[in-house]
Amino acid sequence: MKTQDKELIQEIVEQNQRLLQNLNTQRHYECEARQLISEITGQKIPKSTEIRLPFYTDYGHNIKIGERVFINLNVMMVDLGGITIEDDVLIGPGAYLLSVNHGLKPKQRKELELKPVLIKKNAWIGARATICPGVIVGENAVVAAGAGCTKEYGRCWRTRKMIKKIDE
């Protein structure tokens with residue numbers, strides 16, 4: 001990453017941290033909270049979408065949120081690599097959506113690995129689930145509460161090592 005890019009990213013991060021602190025610590029009417037989240041993400045948040053506070057992100061500008069999305073409280077989105085949430089998605093409290101990782105080798109630990117996260121239409125991410133970089137959660141998929149998703153699961157429900165197909 002170029003130094004110029006790092007400086008721009010740092011400016012956006014600092015601005016968004018101020019906005020997030022305001023969002024999460026002050027009382028706001030729904031329209032005010034929606035406006036702050038729109039500033040943080042750089043996109044207009046649809047009126048049909050509900051985001052419960054507190055809401056957390058590190059960068060913000062790489063989050064895309066569809067219509068009729070429900071994001072419960074304490075959700076964290078690490079979005080430098082990009083996070084797309086399609087229409088009619090439910091995200092449970094305390095979920096983590098991560099699009100950034102670090103290299104495993106000690107000399108590469110400070111290098112960022114960016115891989116987008118995609119949550120497809122009508123998916124349900126359970127409470128405290130963790131979606132790792134590069135994961136695509138398929139249309140109508142259910143990710144169990146507390147699950148850690150490290151790869152695509154299509155239309156499956158996953159907890160620990162057990163995978164079950166979801167009936168329509």
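The values are calculated or read from the model by the stated rules, or taken from the named source; none is laboratory data. What you see is a predicted model, and the numbers here were worked out from it, not measured in a lab. Every residue, glycine among them, receives a Cβ derived from its backbone with ideal geometry; neighbour counts consider all protein chains shown. Heads up: the accessible areas ignore ligands, DNA and RNA and are worked out on the full protein's heavy atoms, side chains in. Shrake-Rupley method; radii C 1.70, N 1.55, O 1.52, S 1.80 Å.
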* To do: Give the residue from I71, S48, G92 lying farthest towards the positive end of the charge dipole for the chain; charges sit on Cβ (+1 for Lys and Arg, -1 for Asp and Glu) and the dipole is referred to the Cα centre.
  => G92
* Asked: Per residue and in Å³, how big is the convex hull formed by the alpha-carbon atoms of the stretch 1-97?
  -> 81
* Counting DSSP beta bridges with both partners in the chain, what percentage is antiparallel, nearest 5? -> 20
* Within the chain, helix-based [θ] at 222 nm, where runs of 4 or more DSSP H residues each add -39,500 (n - 2.57), nearest 500 -> -7000 deg cm²/dmol
* Please identify, among K151, K121, K105, the residue showing maximal mean-square fluctuation in a Gaussian network model of the chain using a 10 angstrom Cα cutoff. => K105
* **Length released on extending from R109 to H28, taking residue separation times 0.36 nm less the Cα-Cα span** => 25.2 nm
* Asked: For the stretch 27-123, what's the relative contact order in percent, using C-alpha pairs closer than 8 Å and at least 6 residues apart?
  -> 22
* Using a basic spin-label model with each label point 7 Å from the Cα along Cα→Cβ, how many nm lie between Q43 and L8? -> 1.9
* Asked: If R0 is 30 Å, what FRET efficiency do you get for R68 and A127 from their C-beta distance, rounded to 0.05?
  -> 0.95
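Below 8 Å between Cα atoms, with a sequence gap of 6+, how large is the relative contact order for the chain in percent? Show your work: numbers first, answer last.
Details: 425 pairs, mean separation 21.5, N = 168.
Relative contact order, the chain: 13 percent.
For H102 and R18 in one chain, what is 0.36 nm times their gap in residues minus the Cα-Cα distance, to one decimal in nm?
Between H102 and R18, full extension yields 27.7 nm more.
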* To do: Leaving ligands, DNA and RNA out of it, report the carbon-plus-sulfur percent of the accessible area of the chain at a 1.4 Å probe.
  => 51
* Structure fact -> When every protein chain stays in place and a 1.4 Å probe is rolled, S48, S99 sorted by accessible area with the largest first are S48, S99
* Structure fact -> With 0.36 nm assigned to each residue of separation and the Cα-Cα distance removed, E139 to D87 gains 17.7 nm
* Structure fact -> With the 1.4 Å probe rolled over protein heavy atoms, the stretch 1-84 has an accessible area per residue in Å² of 59
* So what J values fall out for the stretch 33-46 if you push phi through Karplus, 6.51 cos²θ - 1.76 cosθ + 1.60 with θ = phi - 60°, rounded to Hz, Gly and Pro as x? -> 4, 4, 5, 5, 5, 4, 5, 5, 8, x, 9, 6, 7, x
* **Separation between Cα centres of the stretch 10-39 and the stretch 59-83, rounded to whole Å** => 13
* In the structure displayed, which of K6/K120; K64/K120; K121/K151 lie more than 23 Å apart, Cα to Cα? -> K6/K120
